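> One structure coming up, written as structure tokens, with questions to follow.
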Amino acid sequence: MLKSKTFLKKTRAGGVMKIVREHYLRDDIGCGAPGCAACGGAHEGPVLEPQPLDPASSLCPQPHYLLPDTNVLLHQIDVLEDPAIRNVIVLQTVLQEVRNRSAPVYKRIRDVTNNLEKHFYTFTNEHHRETYVEQNQGENSNDRNDRAIRVAAKWYNEHLKKMSAENQLQVIFITNDKKNKEKAIEEGIPAFTCEEYVKSLTANPELIDRLACLSEEGNEIESGKIIFLEHLPLSKLQQGIKSGTYLQGTFRASRENYLEATVWVHGDTEENKEIILQGLKNLNRAIHEDIVAVELLPKNQWVAPSSVVLHDEGQNEDDVEKEEERERILKTVVNEKMLKPTGRVVGIIKRNWRPYCGMLSKSDIKESRRHLFTPADKRIPRIRIETRQASTLEGQRIIVAIDGWPRNSRYPNGHFVKNLGEVGDKETETEVLLLEHDVPHQPFSQAVLSFLPKMPWSITEKDMKNREDLRHLCVCSVDPPGCTDIDDALHCRELENGNLEVGVHIADVSHFIRPGNALDQESARRGTTVYLCEKRIDMVPELLSSNLCSLRCNVDRLAFSCIWEMNHNAEILKTRFTKSAINSKASLTYAEAQMRIDSTSMNDDITVSLRGLNKLAKILKKRRIEKGALTLSSPEVRFHMDSETHDPIDLQTKELRETNSMVEEFMLLANISVAKKIHEEFSEHALLRKHPAPPPSNYEILVKAAKSKNLEIKTDTAKSLADSLDRADSPTFPYLNTLLRILATRCMMQAVYFCSGMDNDFHHYGLASPIYTHFTSPIRRYADIIVHRLLAVAIGADCTYPELTDKHKLADLCKNLNFRHKMAQYAQRASVAFHTQLFFKSKGIVSEEAYILFVRKNAIVVLIPKYGLEGTVFFEEKDKPQPRLTYDDEIPSLKIEDTVFHIFDKVKVKIMLDSTNLQHQKIRMSLVEPQIPGISIPTDASSNMDINEPESKKKRLEK
């Protein structure tokens, strides 16, 4: 049966176009219940159970299926994902609405539907002759959809009666909409709210904890005192943004200070790009990453960013007076120049909540079901949840979701989602840091794995089409020890004309990952491989990353080669690109390659090739630095693990060799050569990488710090910065130059991917290159796969596809890649921090030399070169007499009693693991030298702090 839908659509030119869509109605769509004679097994994919053996419900004891409406699916997905909930009918109407309203929930519901054990069935009610409903005149689409859901529920109940008279199967309609529920009951459909149904499952009381509490009035705390101003409705916000009364931006909470945040204003205006918010009332219930509307305050109310470190550590307190007292601390006297545009949140345009990992702070009130949850991310406020399992969840890492934030509540309300495991456990903590940094880490699905080549694999004649055979060349790879995903290999040989041929050969991943299939989509979603201290989260399945794409030695592999002809002065005479087949003759570590180069006795082909490469690399590097490329520094650490327990037993900064630099130079050269080629060929849609020059204000701290040591740092160009860093030497203080370079790194902007047609500034500041891209690591970066595809089309080795030449799609892809790269970086840092804690847990208390990197109002931030470790030494502690502190922002310096601290001053600190806060175990640093009475700790004094203090706390509570 054919229906047609007609609607009008406005064209770009301003005209109106009539569109007629055909809508087919069918009789052969199955109901999903096995054994249904009427449907005759017309269903495909996962089906419902013939006899649902679900947990007994006191409201409907007989066997039943569940049919939820859209809002239940959107808000109670945590309940539906629970193993106890099975046999659910998901209507097409509901699925379409969810898809339009929340992509993350839609993905989760698709995953649940694909899980055969859950018996979720998708019923195409919009194309079933008996369940399709037309929109009535005067009926809005919401009401029409509600009616369509009720019609389907009623049809199901009547349909199942026909199936078996004695075995009364029912379909229960689950809705939280009062009116919809009343209408359903009037129409004879058994209907309950999600809460009523979950509470009726007496055998599964833990499910109640997973219920999202949605009625804000019911969750308002007893005090009833209004703390926050009401959020304006979206229509008013949009009007205000249009007229310029309000500004729209992304809310960024501060890690250091829970009473402060900034809003990054969207749009190109340079003025008021960043707005400061201070104080609870001005933050007005916005949560990190929300899109908000802010109103600028009058200039006489502008404030300066505070230098105070404040963490919300009150125990279950709703003491707003205390907050106001803390807010006053922030408002210190500052000069006019320091004041920044300041505002307040007037409304929320889009909430960007996600499930949060953290720990339960159990209420002191006995038998209380209400507790505060403290997220691991310090930028997220604490969340009030109700749970009956508080005693079991204490000391565990759990996941909680936010449901809402009433105006009279100091904290948002939420519900328990999942228990991850014991705090401090290595597996649990790794899971937490992956979840917190949104790193996709689930095993690859069968759909993805189905696109892998069948084993045993070998190069075929078809593979060699449009490909050069370079298996005869003396190619080798140089990588860190233990590297299994080898992306790149090199060769260097002398040509008959006396010039040198240098080749960079990169794994041909795009040969195996074809555009648009499930493997390609999953790689694009992941964006990058994430390297943790003990674990690697691959971007592509292991068969490719560690085997078929990895350029291991003595096996034939497919590659994409960039080959130059150079003279002995490393000047490029010719460049060519070709898909190739290679056979690496050696997989070396940096140390092994260095040993061959330095050896006086070795003269085999590989060693000769390495020496040639090393010689050219030195010339290339010198030339790059002359152009103004920066040599910055960041302390990288390496852990030595115990082979059995896998705990860190030693921690030291990584040693860099000449060979590290050698490989880097040729990778940079290949990336620049490829960037030029793809931009020549595709000026509008080349995927490139740029590094913006930092604004002059970023360098203030570096310039001031150098000045305090009587050195001048010029920052007008990258070249002048590089030169002044080279000159900044102190014979009495050799480590000073490294410290300056570390500080200079902190001043830099983030390098980003972009699409050439959407931007006109291509410059890479750090490398002093007018154009740059990423080509050399396709096993671990998706950007490189796209660059390979562009290059392959440019040289006629592969065909194009629509998305490759769509600059808007490419720009969206770059946005995701930039996000994934940033998150991978943060996850790696978090992994290093966790392993550092494990190291100091076993090592106990140590004293080490450190240098000051920053001075704050009440603290100094120090770097310990031996461990590449950074930490904060606080000078104000609870329940201790406050020292006299004088902070000078101009120099910058901090005077404590009579001792003055400047950036780069050498101090001695004591390092220990502080476990008083299980959630945020941290490396605690205290000053040993210089000695300040009442502040410094004598070197020999054993710590009066019990490292396992939480244990003793627990015992006290149990008594």
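> Given the C-alpha centroids of segment 656-703 and segment 425-467, what is the distance between them in whole angstrom?
Between the Cα centres of segment 656-703 and segment 425-467 lies a distance of 28 Å.
> Would you mind working out the accessible area per residue for the chain, using a 1.4 Å probe, and quoting it in Å²?
Working: 46230 Å² over 959 residues.
For the chain, the per-residue accessible area is 48 Å².
> While we're looking at this one, here's another question. Using the Kirkwood formula over every pair of different C-alpha atoms, what hydrodynamic radius in Å results for segment 65-133? Kindly include the intermediate steps, with their values, before the conclusion.
Details: mean 1/r = 0.0825 Å⁻¹.
Result for segment 65-133 stands at 12.1 Å.
> Continuing with the same structure: Would you mind telling me the share, in percent, of accessible area of the chain contributed by carbon and sulfur at probe 1.4 angstrom?
Working: 23030 of 46230 Å².
Heavy-atom surface of the chain belonging to carbon and sulfur, 1.4 Å probe: 50 percent.
> Would segment 42-210 count as rounded, prolate or oblate if I go by the C-alpha gyration tensor, calling it rounded below 1.5 in a/c and otherwise prolate when a/b exceeds b/c, oblate otherwise?
Numbers: a/c = 1.31, a/b = 1.17, b/c = 1.12.
Verdict is rounded for segment 42-210.
> Considering amide H positions built from the backbone, and no H for Pro or chain starts, which residues 5 or more places from Asp290, or on another chain, come under 5 Å of its amide H?
Placed amide hydrogens put Phe251, Asn352 under 5 Å from Asp290.
> Using Cα-only point scatterers and the Debye equation, what is log10 of I(q)/I(0) for segment 379-491 at each q in 0.17, 0.22, 0.23 Å⁻¹, rounded to two decimals?
-1.07, -1.32, -1.35
> Could you run the Karplus curve 6.51 cos²θ - 1.76 cosθ + 1.60 with θ = phi - 60° over segment 612-626 and give me ³J(HN,Hα) per residue in whole Hz, x for Gly and Pro?
x, 5, 5, 5, 5, 4, 4, 5, 4, 5, 4, 5, 5, 5, 4
> In addition: What does the net charge come to around Ile911 if you take all other residues with beta carbon closer than 13 Å to its beta carbon, with K and R at +1 and D and E at -1?
Details: positive: Lys841, Lys843, Lys866, Lys908, Lys910, Lys922, Arg924; negative: Glu848, Glu849, Glu870, Asp914.
Charge balance in the 13 Å sphere: +3.
> If packing is taken as the average count of other Cβ atoms within 10 Å, what order do 608-617, 569-578 fall into, highest mean first? Walk me through the numbers before you get to the answer.
Details: 608-617: 21.3, 569-578: 14.2.
Those peptides, ordered most packed to least, come out 608-617, 569-578.
> Still on this structure, please answer the following. Which of Lys178/Lys225; Lys535/Lys922; Lys273/Lys866 have a Cα-Cα distance over 30 Å? Intermediate values should be presented prior to the final figure.
Details: Lys178/Lys225 28 Å; Lys535/Lys922 22 Å; Lys273/Lys866 39 Å.
Those over the limit are Lys273/Lys866.
> Oh, and also: On average, how much area does the Cα convex hull of segment 694-748 cover when viewed from any direction, in nm²?
Details: hull surface 13.1 nm².
The orientation-averaged projected area of the Cα hull of segment 694-748 comes to 3.3 nm².
> With an 8 Å cut-off on Cα pairs and a minimum separation of 6 or more residues, tell me the relative contact order of the chain in percent. Before the final figure, lay out each step's value.
Working: 1811 pairs, mean separation 70.5, N = 959.
Once divided by the residue count of the chain, the mean separation gives 7 percent.
> Oh, and also: Run the quick spin-label model on Glu680 and Leu229: label points 7 Å from Cα toward the beta carbon, then report their separation in nm to one decimal.
5.9 nm
> What length, rounded to one decimal in nm, is gained on full extension from Ala833 through to Val105, with 0.36 nm per residue of separation minus their alpha-carbon distance? Before the final figure, lay out each step's value.
Numbers: separation 728, 0.36 × 728 = 262.08 nm, distance 3.20 nm.
Gain in length upon complete extension: 258.9 nm.
> A further question follows. List the lysines whose alpha-carbon lies under 19 Å from that of Lys809, not counting same-chain residues fewer than 8 positions away?
Lys809 reaches Lys690.
> I've got another one for you. Segment 876-908 to segment 745-798: how many Å between their Cα centroids?
45 Å
> Below 16 Å, Cα to Cα, which lysines can Lys579 reach? Residues fewer than 8 away in the same chain don't count.
Lys462, Lys465, Lys677
> Separation of segment 71-86 and segment 805-837 by C-alpha centroid, Å?
30 Å
> Here's another thing I want to ask about it. Based only on the alpha carbon positions, what is the Kirkwood hydrodynamic radius of the chain, in angstrom? Mind showing how you got there, number by number?
Working: mean 1/r = 0.0310 Å⁻¹.
Hydrodynamic radius (Kirkwood, Cα pairs) of the chain is 32.2 Å.
> Once amide H atoms are placed 1.01 Å from N in the peptide plane, what residues at a sequence separation of 5 or more from Asn413, or on another chain, have their amide H within under 5 Å of its amide H?
Arg384, Asp403, Gly404, Trp405
> Using the structure shown, select from Lys418/Lys815; Lys627/Lys714; Lys281/Lys822; Lys621/Lys676; Lys378/Lys815; Lys704/Lys906 the pairs with a Cα to Cα distance greater than 21 angstrom.
Numbers: Lys418/Lys815 30 Å; Lys627/Lys714 16 Å; Lys281/Lys822 31 Å; Lys621/Lys676 19 Å; Lys378/Lys815 25 Å; Lys704/Lys906 17 Å.
Cα-Cα > 21 Å for Lys418/Lys815; Lys281/Lys822; Lys378/Lys815; rest within.
> Report the full-extension gain for the segment Glu139 to Trp457: residue separation times 0.36 nm, less the Cα-Cα distance, to one decimal in nm. Present the calculation step by step, with values, prior to reporting the outcome.
On the way: separation 318, 0.36 × 318 = 114.48 nm, distance 6.02 nm.
108.5 nm is the gain from fully extending Glu139 to Trp457.
The values are calculated or read from the model by the stated rules, or taken from the named source; none is laboratory data. Computed from a prediction, not measured in an experiment: that's the story for all the values here. As a convention, Cβ positions derive from the backbone with ideal geometry for all residues, glycine included, and neighbour counts pool all protein chains shown. We work out accessible area using only protein heavy atoms, side chains counted, and drop any ligands, DNA or RNA first. Shrake-Rupley method; radii C 1.70, N 1.55, O 1.52, S 1.80 Å.
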